[in-house]
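Note sheet for the following structure.
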Amino acid sequence: MKVIFTPEQLSHNPRQFLSSGAAMPNPEKPARAEVLLEAALDSGLTAEAPEDIGDAVIAAVHTPEYLHFLQNIYTRWSRIDGASEEVLPNVHPINRSDGYPKSAVGQVGFHVYDSSCPIVAETWHSSRWSALTAAHAALQIQNGEEACYALARPPGHHASQDVAGGFCYLNNSAIAAQSMLSKFERIAIVDVDVHHGNGTQRIFYERNDVLTVSIHADPIRFYPFFWGYADETGEGDGDGFNINLPLPRGSDDEVFLRTLATALDKVAAFSPQAIVIALGLDAHESDPFRGMSITTKGFGKIGAELGAVGLPTVIVQEGGYLSDELGNNLRSFLGGFQSGR
């Protein structure tokens, strides 16, 4: 099994984000990827760098206006007299159908929905290579590999077609799934991050070729707050193809595994030809965000259940922040996944 990774992802390194209105050190650090890479190699995976195949795979998910914005906004922002060092929004439209301004400040508010997505000079470069990492892993599956791990950083599942949020700029899991549709008719995305994958949900919400299933902490009092409820089931052609399984904060291994069994029953009923696992390790009991209480051994059991599905699988790294157990959590998950196959 391969781990796809490139150091090009490491240059994005914002200093801060806002939490409850206060400036805090940004937890989405390059060191996350370094810890996870070491753990993947310890687990017997073979490292491979992604190729630069161009931006078509990214443009298949994200809008032209949004990609132009990400590529140019830091330079535009830097020309504003008195602007902050890092690009952050301070005004937002009420609806996505509201007017699209020419102002850099206005466009930041349109394309960045929260203060967890500061944009720095290297953001586009690292995000692009993170997306290409996911696309390269998807290509391995299309070429006959049974499973592949995309160590993608920055993460992606909060980003939608035209909006960044929650440390995410390009939706790597969606890019992997969309890419694999060139070979497979139906793809299932199973998101086990502690936060709901609201960007992934929005991208596929009106479609029936990709089933989106998310197990996450109940958003009633947890990020992303506005999305991730059980009654969000899709619209139009996508009605019934979006499944949210919110859990009480602090849920443990037993609760999570029981819910995962429900999720995998839904996946089996959909009969996909391949799956994408949006792998968040931030449900761990020692993760800084403290949303659930999954143990390191619990991640091994989660990995075993997902591995036992037996379908061609792309594992795309989402959350999971620096703690003493971050690397061990990935080792446990990969060990379980490979034994479950």
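This table checks each residue for (1) touching a residue at least 24 places away in the same chain (Cβ under 8 Å); (2) out of contact with any Ser or Thr (no Cβ under 6 Å at 6 or more places or on another chain); (3) surrounded by fewer than 24 Cβ atoms within 10 Å (Cβ to Cβ); (4) of a type in the set (A, V, I, L, M, F, W, C).
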position: T259; (1), (2), (3), (4): yes, yes, yes, no
position: S271; (1), (2), (3), (4): yes, yes, yes, no
position: A283; (1), (2), (3), (4): yes, yes, no, yes
position: S286; (1), (2), (3), (4): yes, no, yes, no
position: V309; (1), (2), (3), (4): yes, yes, yes, yes
position: I315; (1), (2), (3), (4): yes, yes, no, yes
position: E318; (1), (2), (3), (4): yes, yes, no, no
position: D324; (1), (2), (3), (4): yes, yes, yes, no
position: G336; (1), (2), (3), (4): yes, yes, yes, no
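With the requirement that a residue be of a type in the set (S, T, Y), in contact with a Ser or Thr (Cβ under 9 Å, 6 or more places away or on another chain) and in a loop (DSSP other than H, G, I, E, B), what does segment 12-42 give you? Walk me through it before giving the result.
Narrowing segment 12-42 to residues of a type in the set (S, T, Y): 19-20.
Now restrict to residues that are in contact with a Ser or Thr (Cβ under 9 Å, 6 or more places away or on another chain): 19.
Once the filter is applied, which keeps residues that are of a type in the set (S, T, Y), in contact with a Ser or Thr (Cβ under 9 Å, 6 or more places away or on another chain) and in a loop (DSSP other than H, G, I, E, B), segment 12-42 yields nothing.
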Open item on the list: I need every pair where a residue in segment 3-23 that is in contact (Cβ under 8 Å) with a residue 24 or more places away in the chain has its Cβ under 6 Å from the Cβ of a residue that is part of a strand (DSSP E or B) and among the charged types (D, E, K, R), sequence separation at least 6 or different chains.
Closed with: I4/E48
Task: Of all residues making up segment 287-328, the number that are within 18 Å of D253 (Cα to Cα), in a helix (DSSP H, G or I) and of a type in the set (G, A, S) - done: 5
Task: Failed item in (1) in contact with an Asp or Glu (Cβ under 9 Å, 6 or more places away or on another chain); (2) open to solvent by 40 Å² or more (accessible area, probe 1.4 Å), with S84 passing the rest - done: (1)
- [ ] For residues that are surrounded by 24 or more Cβ atoms within 10 Å (Cβ to Cβ) and of a type in the set (A, V, I, L, M), tally how many sit in segment 1-17.
- [x] 2
Open item on the list: Name the single residue that is surrounded by the most Cβ atoms within 10 Å (Cβ to Cβ) among those in segment 288-307 being of a type in the set (A, V, I, L, M, F, W, C) and at pLDDT 95 or above.
Closed with: F299
Open item on the list: So for segment 54-65 (the condition being surrounded by 15 or more Cβ atoms within 10 Å (Cβ to Cβ), within 16 Å of P101 (Cα to Cα), in contact (Cβ under 8 Å) with a residue 40 or more places away in the chain and touching a helix residue (DSSP H, G or I) at 6+ places or on another chain (Cβ under 9 Å)), does at least one residue qualify?
Closed with: no
TODO: Return only the number of the condition from (1) under 20 Å from the mean Cα position of the chain (by Cα); (2) more than 18 Å from L279 (Cα to Cα); (3) open to solvent by 60 Å² or more (accessible area, probe 1.4 Å) that P25 does not satisfy.
DONE: (1)
Open item on the list: I need the full set of residues from segment 66-80 which are under 22 Å from the mean Cα position of the chain (by Cα) and free of Cβ contacts under 8 Å to residues at least 24 places away in the same chain, in order please.
Closed with: L67, H68
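For L88, are the conditions met, namely being within 20 Å of the chain's Cα centre (by Cα) and of a type outside the set (S, T, Y)?
Working: within 20 Å of the chain's Cα centre (by Cα): no; of a type outside the set (S, T, Y): yes.
For L88, the condition - within 20 Å of the chain's Cα centre (by Cα) and of a type outside the set (S, T, Y) - is not met.
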Task: Any hit, segment 235-244, residues being under 23 Å from Y113 (Cα atoms), over 17 Å from the mean Cα position of the chain (by Cα) and either open to solvent by 30 Å² or more (accessible area, probe 1.4 Å) or free of Cβ contacts under 8 Å to residues at least 60 places away in the same chain (or both) - done: yes
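The values are calculated or read from the model by the stated rules, or taken from the named source; none is laboratory data. The model shown is predicted, which means the values in this text are computed figures rather than measured ones. All Cβ positions, glycine included, derive from the backbone under ideal geometry; neighbour counts span all protein chains shown. The accessibility values were calculated without ligands, DNA or RNA, using every heavy atom of the protein model including side chains. Shrake-Rupley method; radii C 1.70, N 1.55, O 1.52, S 1.80 Å.
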